[in-house]
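Scroll down for the structure; my scribbles are underneath it.
FYI, it's all coordinate maths here, none of it is from the lab. Predicted model, so just to flag it, every value in this text is computed and none were measured. With ideal geometry, Cβ positions are generated from the backbone for all residues, glycine too; neighbour counts draw on all protein chains shown.
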Amino acid sequence: MHHPGPGHRPPSAGWPAPPAAVLWGVLAVAILFGGWGLWRALAGGGDVHARLSASEQANEELQARLDEMQQNVATLTRSDQISRDANRDLQGALAEREEEIAGLRADVAFYERLVGATSQRRGLTVHALRMAPQNGNAWEFQTTLTQNLNRGAVSSGRLSLAIEGTLDGKREELVWSDLRQGDDADGAPFSFKYFQQIKGDVFLPDGFAPVRVTVKLQPRSGSPITESFNWSEVTGNGPQGGVPSAEAD
């Protein structure tokens, strides 16, 4: 029988088992590495919380800046609207002032024509008449009377209107008593030295189509004076002679 030599190792025997001390050493190293990894993980988690807190703070700061910018935009918008409103009001005031200046210039021209050294001398006359619609069938009349023949003398008397037109297809003339509602039956009074503007209301019946209006002046002394105007002429949008509404001495 053949016997193996002393240095021969059976194939089935394998490597000898490591001693217990080695196993405990490996386990200790594994525990150390595991603890180190856990510490890194925990340390990394702290960094995440810090970054999260910093991000939240930065977001709050950005939101505060956004709110401030929105407030500034709202303030600027209100300021712009206020500026627009003020500019519109100023433009309106300037337009009114320009209209007033134009009226004053017309008044000066009227005064010069009336009392100037080269103005034509005329007795009591109807300088202008305007008719403006009011509510319902009412119309406001505005007439200007002038005289510069007798300077310093007072012209006085009464004024009345008569309106011609058609009613139900027939010619009709409405006298002062037809046009008024029970007052000033003899006409509206006037008294002035150079000019006077007289206003009042007249009332037309339903269906009446006016064509012509006549102003009748009855001086305190002297013959009556009449002046007729086409209805379309006195209801137009033209200037009213540039005459102020006050009486001039």
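When peptides 213-224, 79-90 are sorted by average Cβ neighbour count within 10 Å, with the highest value leading, the order is 213-224, 79-90. On the basis of the beta-carbon distance and an R0 of 22 Å, Phe203 and Ser232 show a calculated FRET efficiency of 0.65.
For Asp201, nonlocal amide neighbours, meaning residues 5 or more places apart or on other chains whose placed amide H falls under 5 Å from its own, are Phe141. Share of pairwise Cα-Cα distances greater than 17 Å in the range 120-234 is 55 percent (whole percent). Given their separation in residues at 0.36 nm each and the Cα-Cα distance between them, Ala153 and Lys170 gain 1.7 nm when the chain is fully extended. Charged side chains reduced to their Cβ positions (Lys and Arg at +1, Asp and Glu at -1) give the range 120-234 a dipole of some 780 debye around its Cα centre. Close amide H contacts of Tyr194 (hydrogens built in the peptide plane, cut-off under 5 Å, sequence separation of 5 or more or a different chain): Ala248. Net charge of the neighbourhood of Gly165, taken over other residues with C-beta under 15 Å away and scored Lys/Arg +1, Asp/Glu -1, is -4. For Asp107 and Ala138, what does the FRET efficiency come to when R0 = 22 Å and r is the distance between their Cβ atoms, rounded to the nearest 0.05? For Asp107 and Ala138, the calculated efficiency is 0.20. First check a/c for the range 137-194, with a ≥ b ≥ c the square roots of the eigenvalues of its C-alpha gyration tensor; if it is under 1.5, answer rounded, and if not, answer prolate when a/b is larger than b/c or oblate otherwise. Judged from the Cα gyration tensor, the range 137-194 comes out prolate (a/c at least 1.5, a/b above b/c).
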